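No value in this document is a laboratory result; all are computed from the given coordinates. All values reported here derive from a predicted model rather than from experimental measurement. Note: ideal-geometry Cβ built from the backbone for every residue, glycine included; neighbour counts use all protein chains shown.
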Amino acid sequence: MTRILSYRCRPAFLFAAVILTACTEVIDIELDSTYTRLVVFGTVTTDSLHHQVRLSTTSDYFSNQQAPAVSNALVELHAGEQILRLEESDSVAGLYHSPVAFRGVPGTRYRLLISQVDINGDGTPETYDATSTMPGMPLLDSIRLEYFQSPYFSGYRVMLYAQDSPKREWYSYQIWKNRDLLTDELSDYMVQSDDFINGEYIFGYPVRFMLDDDPRSALYPGDTVTLEMSSIGKDFYDFISDAQLEIIGSIPLFSGPPANVRSNISNDGKGVFAAYSLKRVAAVVKP
């Protein structure tokens, strides 16, 4: 899929090269530093595990350093009357995890509360919070691996079979080849709404192309492909969609800058807190 995007955009890149090489005047653009804000990425899922929240701060546009971690915060997860205080990792600064493993429950409203932090450095502690209600389990049936050939590409299509809920839903997809998570970068996340399939059965929808000339995704007899389908809330869908637009950049050339990435973190925090349910199915490549 990445190759198709690059191919279609090539004329724009060539045009940009011509424009840039024709310019002789040096123009300095001064980008002022903005105030520091908290960045949150936290999830609760239906997997039984120690759920995690990562805290960091924003940094300057041209900084080549990793985003500074936020340590020694009070991070609490609320679910009804139950409150879990998350513990900071001994090995990874700014990474907080639940003290016990548990499965998130669909229909439950989770609240993340972060306090005892002074992000703007004014000497007054701040408080941030976010809420997310976990959607119901996705009605995922199976996947099928379908080989295809074209004049330009060949490989396998990962075909999805599932029942969409009558309610409006948002989904995300993760793909593994054997034990290798192929969608391990934010730009690789696959998210979609059910606007065009609302309440219908999804009969053979292609969610991934495993191309023969891509060493990482090429499939051979005996390989196992695992699909994870998640029912996510609109906040998580908006965050991923906006972040991917930021990563891609402005297309067409010279278009205006994209809007700020939407967030459900209060007090002008950035990032997202999301509770979502998930289901996995697998298929093996046959000889």
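So here's what we get for this one:
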| quantity | calculated |
| --- | --- |
| Residue list for region 216-240, given a label point 7 angstrom along the Cα-to-Cβ vector of residue 284 and an amide N cut-off under 15 Å | 220-226 |
| Relative contact order of region 89-139, pairs being alpha-carbon contacts under 8 Å that are 6 or more residues apart, as % | 35 percent |
| Convex hull volume per residue for region 61-128, taking Cα atoms only, in Å³ | 140 Å³ |
| Cut-off 17 Å (backbone N to label point 7 Å along Cα→Cβ of residue 36), residues of region 115-145 | 115-128 |
| Region 100-220 - percent relative contact order, Cα under 8 Å, separation 6 or more | 22 percent |
| For region 119-160: Kirkwood Rh in Å [reciprocal of mean 1/r, alpha carbons] | 16.1 Å |
| Cα→Cβ-extended label distance, 7 Å offset, between residue 216 and residue 48, nm | 3.2 nm |
| Percentage, to the nearest whole number, of Cα pairs in region 133-256 over 21 Å apart | 48 percent |
| Region 127-188, relative contact order in percent, only Cα pairs under 8 angstrom and at least six apart counted | 23 percent |
| Amide H contacts under 5 Å for residue 223, placed H, 5+ residues apart | 285 |
